[in-house]
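*Asks:* Right, I'll just put the structure down here and ask away after.
Every number in this text was worked out from the coordinates using simple rules, so none of it is lab data. Quantities reported herein were computed from a predicted structural model and do not represent experimental measurements. Positions of Cβ are backbone-derived with ideal geometry, glycine not excepted, and every protein chain shown enters the neighbour counts.
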Amino acid sequence: MNNIEGRIKIEISPNPKGGLSVEIQSNRPVHASQIMIGKTPEQVLDLLPLMFSVCGIAQARGSLKAIMQQLDIPTSQAHEKAREMLVIAETAREHLFRIFMDWPELFNIPRNNQLFPFITSLIKRMSEALFKSAKAFRLDSELQLDRPQLNQLIDEIEQQLSSHVFQCPVDEWLTLKGIEEMTLWATGNQGIAAMSIQAILNNNWQGQGYLLSSALPELDVEKLTERFHHCSAKHFIEQPDWDGQLYETTPLSRQKSHPMIQSLQHSHGNTLITRWVARLVDLATIPQQLRRILHEINGSTDDTFKPTAAHGIAQIEAARGKLIHHVEIEHDQITQYQILAPTEWNFHPKGLIQQSLSHIRSSDKKEIEHIARLLINAIDPCVGYDLRVH
């Protein structure tokens with residue numbers, strides 16, 4: 001089965017009143033999960049990885065978690081933390097793949113293919129080190145930790161980031177403060193992260209795309225369940241809002257509390273440079289996240305717990321942002337299945353991307369297109385889109 005990601009059409013044209021007019025249309029099949037209806041939970045868990053080629057691990061975790069909640073199946077903190085490690089590792093893979101695929105073309109720099117074997121094998125190696133037979137997303141998954149292998153994998157991630165992305169120790173890079181230290185670090189550094197930042201600064205693009213956007217807040221499960229049951233649920237999934245407001249769910253909204261990002265927001269606001277660096281912070285903090293979670297896993301099955309309420313809703317922080325699965329089951333058959341992806345928040349026709357692109361300040365068609373591609377890449381590098389600048 002082919003993946004069902006679909007594409008988004010973006011048209012940018014001069015606004016007669018000044019600035020730019022941006023129109024966004026999506027043909028993403030956001031209701032494709034309806035094919036799950038009538039199937040058993042086990043069939044859904046088999047089918048899901050075939051449907052999603054991007055963020056497939058996060059999709060699998062969301063599906064399993066929602067199903068287990070709906071069926072009131074107890075699980076353990078250790079299992080959940082192990083699955084969280086896989087989602088974080090997938091975030092590392094998605095960032096790295098897009099960085100080494102997209103950035104060379106965006107900045108006209110040589111492509112480095114050395115890292116691709118590591119990137120493509122990462123999830124398989126981590127799954128094998130966490131679960132018996134690498135089966136992480138089954139109702140009967142068995143935890144089987146290989147701590148030496150996991151520690152080695154985390155060390156490898158950190159070493160690859162230091163060598164191929166930042167060309168300095170990751171922990172050292174994360175201590176940079178403000179645009180001055182960022183500029184000083186980038187000067188003379190031939191790593192892909194530094195070269196991308198140099199290009200943004202040299203072209204004076206750091207303030208492009210300024211927008212007073214808000215991060216998606218915590219979503220109340222009871223209220224979320226009501227939205228999925230309401231007659232407007234179809235529209236909610238296609239063009240989501242919360243209490244009538246539009247939000248973003250991005251690496252920037254994840255990293256908004258990091259000192260480096262707070263400094264950039266203070267000096268530049270939510271602009272291209274802040275979003276660009278937020279993606280790098282999101283990637284750079286992954287080794288420490290994985291080490292922390294591994295330390296928390298005790299490998300025991302004694303810490304089982306039951307869902308507090310059988311709503312069948314799972315909220316997962318994926319590489320793109322918050323992913324939500326809603327499932328209902330009767331007599332071992334799926335009766336309802338809905339997925340709300342972060343792309344629909346960020347590419348809402350009046351949302352983050354639309355507003356950010358409309359705040360590009362340039363009269364040059366080629367420059368507008370280049371800046372637009374940078375902003376899209378900073379917000380959601382995985383989405384398939386067609387961009388036309390008039």
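*Asks:* Just for segment 96-127: of the residues that are in contact (Cβ under 8 Å) with a residue 12 or more places away in the chain, closer than 22 Å to Trp205 by Cα and assigned to a helix (DSSP H, G or I), which one is nearest to the chain's Cα centre (by Cα)?
*Replies:* Once the filter is applied, the top-ranked residue is Arg98.
*Asks:* Can you go through Val22, Val30 and tell me which one is surrounded by 13 or more Cβ atoms within 10 Å (Cβ to Cβ) and in a strand (DSSP E or B)?
*Replies:* Val22
*Asks:* Of the residues Glu5, Glu11, which single one is closer than 23 Å to Asp386 by Cβ, surrounded by fewer than 22 Cβ atoms within 10 Å (Cβ to Cβ) and in contact with a His (Cβ under 9 Å, 6 or more places away or on another chain)?
*Replies:* Glu11
*Asks:* Let me ask you something else. Could you identify the single residue in Ser162, Ser141, Ser133 that is closer than 30 Å to Pro41 by Cβ and either in a helix (DSSP H, G or I) or within 24 Å of the chain's Cα centre (by Cα) (or both)?
*Replies:* Going through Ser162, Ser141, Ser133 in turn, just one is closer than 30 Å to Pro41 by Cβ and either in a helix (DSSP H, G or I) or within 24 Å of the chain's Cα centre (by Cα) (or both): Ser133.
*Asks:* Quickly run through segment 82-111 and pick out the residues that are surrounded by fewer than 19 Cβ atoms within 10 Å (Cβ to Cβ) and either over 23 Å from Ile379 (Cα atoms) or aliphatic (A, V, I, L, M) (or both).
*Replies:* Met101, Leu106, Ile109, Pro110
*Asks:* Name the pairs: first residue in segment 154-183 and under 18 Å from Val277 (Cβ atoms), second residue of a type in the set (D, E, K, R) and part of a helix (DSSP H, G or I), Cβ to Cβ under 8 Å, at least 6 apart or on different chains?
*Replies:* Between residues of segment 154-183 that are under 18 Å from Val277 (Cβ atoms) and residues that are of a type in the set (D, E, K, R) and part of a helix (DSSP H, G or I), the close pairs are Val170/Glu158.
*Asks:* So, one more: Give the number of residues within segment 187-241 that are under 30 Å from His325 (Cβ atoms), aliphatic (A, V, I, L, M) and not in a loop (DSSP other than H, G, I, E, B).
*Replies:* Adding up the residues that qualify gives 5.
*Asks:* Hey, does segment 138-153 have a residue that's closer than 14 Å to Ala89 by Cβ, out of contact with any strand residue (DSSP E or B) (no Cβ under 6 Å at 6 or more places or on another chain) and surrounded by 15 or more Cβ atoms within 10 Å (Cβ to Cβ)?
*Replies:* Filtering segment 138-153 down to residues closer than 14 Å to Ala89 by Cβ leaves 149-153.
This time we only want the ones that are out of contact with any strand residue (DSSP E or B) (no Cβ under 6 Å at 6 or more places or on another chain), so: 149-153.
Right, trim to surrounded by 15 or more Cβ atoms within 10 Å (Cβ to Cβ) and you get 150, 153.
Within segment 138-153 (the criterion being closer than 14 Å to Ala89 by Cβ, out of contact with any strand residue (DSSP E or B) (no Cβ under 6 Å at 6 or more places or on another chain) and surrounded by 15 or more Cβ atoms within 10 Å (Cβ to Cβ)), the answer is yes, since at least one residue qualifies.
Yes/no matrix, rows are residues, columns are (1) in contact with a Lys or Arg (Cβ under 9 Å, 6 or more places away or on another chain); (2) not aliphatic (A, V, I, L, M):
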position: Lys132; (1), (2): no, yes
position: Leu139; (1), (2): no, no
position: Asp146; (1), (2): no, yes
position: Gln149; (1), (2): yes, yes
position: Ile154; (1), (2): yes, no
position: Leu174; (1), (2): no, no
position: Ala186; (1), (2): no, no
position: Asp220; (1), (2): no, yes
position: Glu226; (1), (2): no, yes
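*Asks:* State the number of residues belonging to segment 330-347 that are assigned to a loop (DSSP other than H, G, I, E, B) and within 22 Å of Gly56 (Cα to Cα). Break it down stepwise before answering.
*Replies:* Our first condition is that a residue be assigned to a loop (DSSP other than H, G, I, E, B); within segment 330-347, this holds for 331-332, 341, 347.
Cutting the leftovers down to within 22 Å of Gly56 (Cα to Cα) gives us 341, 347.
Matching residues across segment 330-347 total 2.
*Asks:* Right, another one. When you check His229 against the structure, is it crowded, with 18+ Cβ neighbours inside 10 Å and over 24 Å from Asn346 (Cβ atoms), yes or no?
*Replies:* no
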